[in-house]
Amino acid sequence: VQLQASGGGLVQAGGSLRLSCEVNGGAFSLATMGWYRQAPDNQRDLVAEIDKGGNLNYADSVKDRFTISRDNAKKTVFLQMSSLKPEDTALYYCRYFTGFSNRPYWGQGTLVTVSS
């Protein structure tokens, strides 16, 4: 299973970005897909996840600002980020997990930088 994340960049506070993560291999439609982020000197934390049934889970810090979605035909998960804040600056990683695998799979990370 390989994950390719894209869409990061530099944006001003209050702006928007859309991240994408395409999955090659595996069973995408059965996977729980997630976005995590890691700022310098911090641990990697969950931002949002969507399971195979479309159930959603968000970190409190991004609720009402970020939206996760998936396109099973394209084997891609998205993260629409709005009203961005400087504290959203981090490397964003996508994560793939199914009940068939013994481990999660991670994308390479895409950098989001929000300037004040």
Amide H partners (placed H, <5 Å) of LEU84, local residues excluded: GLY14, GLY15
Find how much the distance from ASN57 to ARG18 grows on full extension, using 0.36 nm per residue of separation minus their present alpha carbon separation; answer in nm with one decimal. 12.3 nm
Could you check how many percent of all C-alpha pairs in the stretch 73-116 are farther apart than 13 Å? 66
Using θ = phi - 60° and the Karplus form 6.51 cos²θ - 1.76 cosθ + 1.60, what ³J(HN,Hα) does each residue of the stretch 23-36 get, whole Hz, x for Gly and Pro? 10, 10, x, x, 10, 4, 5, 9, 8, 8, 10, x, 10, 10
When the chain is treated as a Gaussian network with springs between alpha carbons less than 10 Å apart, the largest mean-square fluctuation among ALA39, ALA31, ALA48 is found at ALA39
Find the percent of Cα-Cα distances in the chain that exceed 19 Å, and round it to a whole number. 40
Can you give the Rg to Rh ratio of the stretch 1-53, both from alpha-carbon atoms, with Rh computed by the Kirkwood formula? 1.01
Largest-first ranking of GLU49, GLU87, GLU22 by accessible area, probe 1.4 Å, whole protein assembly kept, is GLU87, GLU22, GLU49
Quick calc: nm separation of the 7 Å Cα→Cβ label points for SER83 and SER29 -> 3.6
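Under a Cβ-Cβ cut-off of 15 Å, what is the net charge of the residues other than SER116 that fall near it, where Lys and Arg count +1 and Asp and Glu count -1?
For residues surrounding SER116, the net value is -1.
The values are calculated or read from the model by the stated rules, or taken from the named source; none is laboratory data. Just so it is clear, the model here is predicted, and its values are computed rather than measured. Quick reminder, even Gly has a Cβ in these numbers, built from the backbone with ideal geometry, and neighbours come from all protein chains shown. We work out accessible area using only protein heavy atoms, side chains counted, and drop any ligands, DNA or RNA first. Shrake-Rupley method; radii C 1.70, N 1.55, O 1.52, S 1.80 Å.
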